[in-house]
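Note sheet for the following structure.
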Amino acid sequence: MKKGTLTIIVGMLLVALTTRAGGLMTNTNYHIAFDRMMARGATFDVDAVYSNPAGMVWNEHEGWQLSLNFQKPWQNRDIETTVPGFLAMPGVYNGYNIDQKFEGKASAPIVPALFATYKKDRWAVGAMLGIVGSGGFVQYDEGVPLFNVLTMAKIFQSTAAISPASVVTPDKYTMDSEMKGKQYIFGGQLDFSYQITDFLSAAVGMRANYYDGYYRGHVTAVHNQLKAPLVDLQLDCLQRGWGFAPIVGVDVHTGAFTLAARYEFRTKISTENDTKQLDAKILNPASMATGKPAYIEGAAALSQFGDKVAPYEDGAQTRYDMPAMLSVAVGYEFTPKLRATAEYHFFDDKNAKMAGDRQKTLEGGTNEFLLGLEYDINDKFTVSCGGQRTDYGLSDDYQQHTSFACDSYSVGLGGAVRLNDQLRLNVGYFMSIYSDYTKKQDNYQGTPYAGTDIFSRTNYVVGVGIDYKF
């Protein structure tokens, strides 16, 4: 069972989750104005701290502005697996068809973000605190195909190797499998912008990013008659690390026209493991006939996994870089009440290191296209809507049961209410419509059987926020 259990434990440690807009490791939705409009790259409002730092100087308000935002996301990440004739072996076992949907529920608590800006004459400073990457929790109550299929295959193969009479088929044991994980990248950003001429401004900034995640799971198969485990794997691994990203921006603003660009350099994040548990217990199939099962346990069992386990042992390091990102936006004010923005994002995911160098399997970086409209009904009420297309550079080799992505279209809508001259309430909602990704394998997860996975996702976010001018 060496190869199968090795693959299972590595799979446990590669889980990733995302419940946001943006690239594979990067969030872009912090302020509720994004939820309701999407394209914010040409804004001068308080959310320009993130979306358009150089635009802070064009805000008409002199002095302080604060904004507090709360969002609640929901997401499903499902895998529908089909493997016809699984474990079929002439003269030993007729096999059966796997046709199962593994439901993964990803969620996050209320996600806050805080913005602050101060403008004086030709200069402005701004700061932001938020969850800038990943963000959330995912759980598969029945495990994932990687766990279950390989465990069944290896139990079958290892016992059949003793003799056809000793083969252990899935009806002879009970499997308990679960996988869950968490990833947050917290960020604190500080920007300084200056109006160079009557139409040109520039900004420089820095963001500190803190990665906090864990990976916990188990897969246990217990023989129904022996009442003894055939395989028992346990994992509890915490990961934490720091990284910093310089940020630069420019903004050309003249009359009703705005052209803005922002570039974030790659954030190199190397996490260090704080592993609470990494245990394996493997049955020696030859001992089954004696009625007294014997096991390989502890360090002896882990040693069978070779250097594949070493990256996840206590103190080991793993890379979770945030990619370099380019944003270019064009904004135009058709009337004093109607505004529109078109925007483009590029995330250089292929040159940002990931666990196991998975970035090398990508066909390219992530391309996003955004469009947003905003209309002032009157001095008190504003409505807006927007859309976003996200196209990842995906490949079959990148897609894993524990970490997969799907191209998507997102739509958002909402509005703002000016409660008084200083206070504005923002509300927004957006949803992402994902394209299913189908991955076919002639040798499913290394077994001699053909199989298919269909990866699918859903994502919904509601948000509310308050902007305040001093």
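The values are calculated or read from the model by the stated rules, or taken from the named source; none is laboratory data. All values reported here derive from a predicted model rather than from experimental measurement. When we count neighbours, we look across all protein chains shown, and the Cβ atoms used for this are built from the backbone with ideal geometry, even at glycine. Calculation scope for accessible area: heavy atoms of the full protein, side chains included, ligands and nucleic acids excluded. Shrake-Rupley method; radii C 1.70, N 1.55, O 1.52, S 1.80 Å.
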- Hey, which aspartates and glutamates would be in cross-link range of LYS154, C-alpha to C-alpha under 15 Å, not counting anything within fewer than 8 residues on its own chain? ASP171, ASP232
- Task: Search the structure for amide H atoms under 5 Å from the amide H of ILE269, placed 1.01 Å from N in the peptide plane, and list their residues when 5 or more places away or on another chain.
- Result: TYR320, ASP321, MET322
- Query: What residue among SER107, LEU230, ALA202 has its Cα farthest toward the positive end of the dipole of the chain, where the charges are +1 on Lys, Arg and -1 on Asp, Glu, each on the Cβ?
  - Reply: LEU230
- Task: Output the relative contact order of segment 307-373, whole-number percent, from Cα pairs under 8 angstrom with separation of 6+ residues.
- Result: 31 percent
- Note on the structure: The local net charge around PHE44, scoring Lys/Arg +1 and Asp/Glu -1 for residues other than PHE44 whose Cβ lies under 9 Å from its Cβ, equals -3
- Taking only protein heavy atoms and a 1.4 Å probe, what accessible area per residue, in Å², does the chain have with all protein chains in place? 41 Å²
- Message: Starting from a Cα-only point model with no solvent, please compute log10 I(q)/I(0) by Debye for segment 131-249 at q = 0.09, 0.16, 0.17, 0.22 1/Å.
- Response: -0.48, -0.84, -0.89, -1.14
- Any aspartates and glutamates whose Cα falls less than 18 Å from that of LYS360, other than same-chain ones fewer than 8 residues away, would be ASP321, ASP348, ASP349, ASP391, ASP396, ASP397
- Which value, to two decimals, describes the C-alpha radius of gyration of segment 381-470 once divided by 2.2 N^0.38 Å? 1.68
- Message: Quick check for me: using +1 on Lys/Arg Cβ and -1 on Asp/Glu Cβ, what's the dipole size of the chain about its Cα centre, in debye to the nearest 20?
- Response: 580 debye
- Query: Along the three principal axes, how long is segment 195-236 when you take its alpha carbons, biggest first, rounded to the nearest angstrom?
  - Reply: 83, 16, 8
- Note on the structure: With a Förster distance of 51 angstrom and the Cβ-Cβ distance between ALA300 and ASP78, calculated FRET efficiency to the nearest 0.05 equals 0.85
- Cα gyration tensor of segment 233-342 - equivalent ellipsoid semi-axes, whole Å, descending: 58, 16, 9
- Item | Difference of contour (0.36 nm per residue) and Cα-Cα distance, ASN224 to ILE196 | 2.5 nm
- Relative to the first principal axis of the alpha-carbon coordinates of the chain, what is the inclination of helix 2-12, with its axis defined by its Cα atoms, in degrees from 0 to 90 and to the nearest 10? 20 degrees
- Long-range amide H partners of GLY133 with built H, under 5 Å: ASN27, ILE185
- Message: Per residue of segment 139-149, what does 6.51 cos²θ - 1.76 cosθ + 1.60 with θ = phi - 60° give for ³J(HN,Hα)? Whole Hz please, x for Gly and Pro, Karplus curve as stated.
- Response: 9, 10, 5, 10, x, 10, x, 3, 5, 6, 5
- the chain - percent relative contact order, Cα under 8 Å, separation 6 or more: 19 percent
- Task: Name the long-range amide H neighbours of ALA88: under 5 Å, sequence gap of 5 or more, or other chain; modelled H, no Pro or chain starts.
- Result: TYR96
- Report P(r) for the chain: all Cα-Cα distances, bin width 20 Å, range 0 to the bin holding the largest distance, values in whole percent. 23, 47, 22, 7, 0
- Message: Could you give each residue of segment 219-225 its phi-based ³J(HN,Hα) in whole Hz, using Karplus coefficients 6.51, -1.76, 1.60 with θ = phi - 60°, and x for Gly or Pro?
- Response: 9, 9, 10, 10, 5, 5, 8
- Query: Per 10 Å bin, what is the whole-percent P(r) computed from every C-alpha pair distance within segment 117-197?
  - Reply: 14, 22, 16, 12, 12, 10, 8, 5, 1
- Task: Give the relative contact order (percent, whole number) for segment 43-150; include only Cα pairs under 8 Å separated by 6+ residues.
- Result: 30 percent
